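First up is the structure itself, then whatever we jot down about it.
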Amino acid sequence: MKTIEEFKNFFESSLHFDLNMLEKERLATIKRYFQNILLHIGIIIVLLVTGFLINKLVYGNYFNEDVYNIPLIVAIVLSISTFLMMLSRSSKIKNELIANFKKRIIEKIVKFINESLNYSPYDFIPVEKFMKADIFRDKIFKYYGDDLVKGKVDKTDIEFSEIHVLSRVRSEENRDKVKRVFDGIFFVADFHKNFNGKYYILPDFAQKRFGGIGKFFQKMNFSRGKLIELEDPEFEKEFVVYGSDQVEARYLLSSNMMQRILNLKRNRFPFVMMSLIDNCLFIALPFKRRLFEPSVFRSNLNYEKSEYFFNVLNDTISIVDELNLNTRIWMKD
Amino acid sequence: MSTELIIAIVIVLLIVFLFNSLIARRNAVNNAFASIDAYLKKRYDLIPNLVAAVQKYMEHERNLLTEITELRSRAISGNISDSERVELDNKISRALTAINVAVENYPDLKANTNFLQLQAALNEVEEQLSAARRAYNAAVNSYNNAVQMFPTNLVALIIGFKVRPFFEATETERQNVNVKNLFNS
């Protein structure tokens, strides 16, 4: 795990130079971006004017209600395709800049935090893993993401990426509505103990809001296995745990582990949700905003922005240390 | 259907429900106790292997090894009371911790893969044992609540269910907490 001080030094000594280069590229990109728009708008104006003129030449009028106005229709069709071309070209110009930024800045930050991790800007955690984690049970309608970080932190294999999941729900008026199921970072790690069951550690909304009655309903909810009431009252206040086996759940969630999960929630990720399935630990970390994206129309040449990227990456990677996943004194290597 | 009959049915159903919930909680306690037993047995099975693996190296701890072997044979002999058994298991825990500490003086032993595997297995079984004890206590807590709280306490009184004791850490276990921290998860 790296400290803010170390990152500051890294920023001064290395990142600042790259950001400077990128800033120059960004200004050139904006210029190209607007040139592209102006060029296409110019073409559209010429096309439309020509259309009207030819229309007048052929039919004696700029617009004749009695005929098909073929030249004008052709001009409009060509204008629309030019407009679409403009949009696609603009987004291509923007994406080139974003790709450059990710390759040069985000990858560098990832490597700075841990040399053995790899970063792929356009890959993401496969949908099968997201489904296997079984934290969200909505029927998936759209699944996409980016910024995959993958590798080994000491003895623990990890991978995480930004993920967006949408589902379709039928509203009261019988119309399909799109519901955002999850936006944020999805983290998968190899857990340091062997186990057979399925365990879910979810935020405790019911008991927090409704006390004893909430707890009663939690007990009646068998969809994720039995309710596991743990001894740590602080942990119990924040989380509700379901799982297949009372003893195995306590084997996985030792008092030490409960404390560590609690600290993770309190200090870093207030909305953390977890599941333990098939010897893997799955963690969902909801974020409202899109992560690791540079601005195109505003400067990225400031320390705060880089520090934000660093903090999110560092906090996520250090989950391995926070939860002590590298302690392998049990049967699992 | 008369009102009295409806009331009578409701009361009967309520009693059945209370009775069943008590039985379920008692079974959960027994079940949790059985799982402690299962892990203890797993630990007994590991002891001879551990002794065999370390005795070549540990010349100065012969007494400790003989003691743990004896404790194990007494524990599996079957002719002992529950309280004796708890005491034996506590002694075994202490002896195992002592072996774990003594290992630090034998670098050769610490490099032995066979031993390392055994140590990992023992760490695992200790952690499982502690989990089973916590699960037992949680089950006892829920059972005791039912036995003492209204209205289940009335049914408990009729069928003779009594409060069960918790599994408590012994005085020595509490003192040994520093050593145990070495193997924290």
The stretch B:94-133 shape via C-alpha gyration tensor axes, a/c threshold 1.5: oblate
Heavy atoms of B:Ile80: accessible area, 1.4 Å probe, square angstrom to 10: 50 Å²
Leading residue at positive end of dipole, the protein assembly as shown (Cβ point charges), from B:Ser35, A:Ile54, A:Ala249: A:Ile54
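Given the peptides A:21-31, A:181-191, arrange them by the average over their residues of other C-beta atoms within 10 Å, most packed first.
Working: A:21-31: 14.5, A:181-191: 21.0.
Going by the mean number of other Cβ atoms within 10 Å, highest first, we get A:181-191, A:21-31.
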Cα-based shape type of the stretch A:158-258, given that a ≥ b ≥ c are square roots of the gyration tensor eigenvalues and the cut on a/c is 1.5: oblate
Other protein chain Cβ atoms within 10 Å, averaged over every residue that makes up A:250-261: 4
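Would you list A:Asp138, A:Asp157, A:Asp232, B:Asp108 from the most to the least accessible area, probe 1.4 Å? Numbers along the way, then the final one.
Numbers: A:Asp138 50, A:Asp157 75, A:Asp232 30, B:Asp108 110 Å².
Highest to lowest solvent-accessible surface, that is B:Asp108, A:Asp157, A:Asp138, A:Asp232.
Which value results when the Cα radius of gyration for the stretch A:78-226 is divided by 2.2 N^0.38 Å? It would help to have the intermediate numbers written out before the result.
On the way: Rg = 21.0 Å, N = 149, 2.2 N^0.38 = 14.7 Å.
That ratio works out to 1.43.
What is the mean number of Cβ atoms from other protein chains located within 10 Å of the Cβ atom of each residue in peptide B:128-139, rounded to a whole number? Mind showing how you got there, number by number?
Details: counts 6, 2, 4, 10, 5, 2, 10, 9, 3, 2, 8, 2.
Mean partner shielding for this stretch: 5.
How much net charge surrounds A:Leu276 when only other residues with a Cβ under 11 Å from its Cβ are counted (Lys, Arg +1; Asp, Glu -1)? If you can, show how the numbers build up before the last one.
Details: positive: A:Lys193, A:Lys198; negative: A:Asp134, A:Glu248, A:Asp278.
It works out to a net charge of -1.
Taking a probe of 1.4 Å, how large is the accessible area per residue of the stretch A:20-150, in Å²? Kindly include the intermediate steps, with their values, before the conclusion.
Details: 7960 Å² over 131 residues.
Heavy-atom accessible area per residue stands at 61 Å².
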Apportionment of accessible area to carbon and sulfur, the protein assembly as shown, percent (1.4 Å): 58 percent
Residue-averaged 222 nm ellipticity for chain A, from DSSP H runs of 4+ at -39500 (n - 2.57), nearest 500: -15500 deg cm²/dmol
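What 222 nm value per residue comes from the helices of chain B, counting each DSSP H run with n ≥ 4 as -39,500 (n - 2.57) and dividing by all residues, nearest 500 deg cm²/dmol?
Working: 8 runs with 147 residues, N = 185.
Estimated from H runs of four or more residues: -27000 deg cm²/dmol.
Just how many % of Cα pairs in the protein assembly as shown lie over 41 Å apart, if you round to the nearest whole percent?
Of all Cα-Cα distances in the protein assembly as shown, 45 percent exceed 41 Å.
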Segment A:Arg298-A:Ser223, extension gain: residue separation times 0.36 nm, minus the distance between their alpha carbons: 22.2 nm
Total charge dipole magnitude, the protein assembly as shown, about the Cα centre, Cβ charges on Lys, Arg, Asp, Glu only, Debye to nearest 20: 1200 debye
Cβ neighbours within 10 Å from other chains - mean over A:322-329: 2
Value of Rg/Rh across chain B [Cα atoms, Kirkwood radius]: 1.18
Mean accessible surface per residue for the stretch A:222-284, computed with a 1.4 Å probe while every protein chain stays in place, in Å²: 36 Å²
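In square angstrom and rounded to 100, what buried accessible area do you get between chains B and A, total over both, with the probe at 1.4 Å?
On the way: alone 11540 and 18170 Å², together 28190 Å².
Answer for the B-A pair: about 1500 Å² buried.
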The stretch A:1-113 - Kirkwood radius from inverse mean 1/r over Cα pairs (Å): 17.7 Å
Helical segments meeting 27 Å axial Cα length and Kyte-Doolittle 0.5 threshold in chain B (DSSP H): B:3-54
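The values are calculated or read from the model by the stated rules, or taken from the named source; none is laboratory data. Treat the numbers as computed from the prediction; the structure is a model and nothing was measured. All Cβ positions, glycine included, derive from the backbone under ideal geometry; neighbour counts span all protein chains shown. Accessible surface areas use protein heavy atoms only, side chains included; no ligands, DNA or RNA. Shrake-Rupley method; radii C 1.70, N 1.55, O 1.52, S 1.80 Å.
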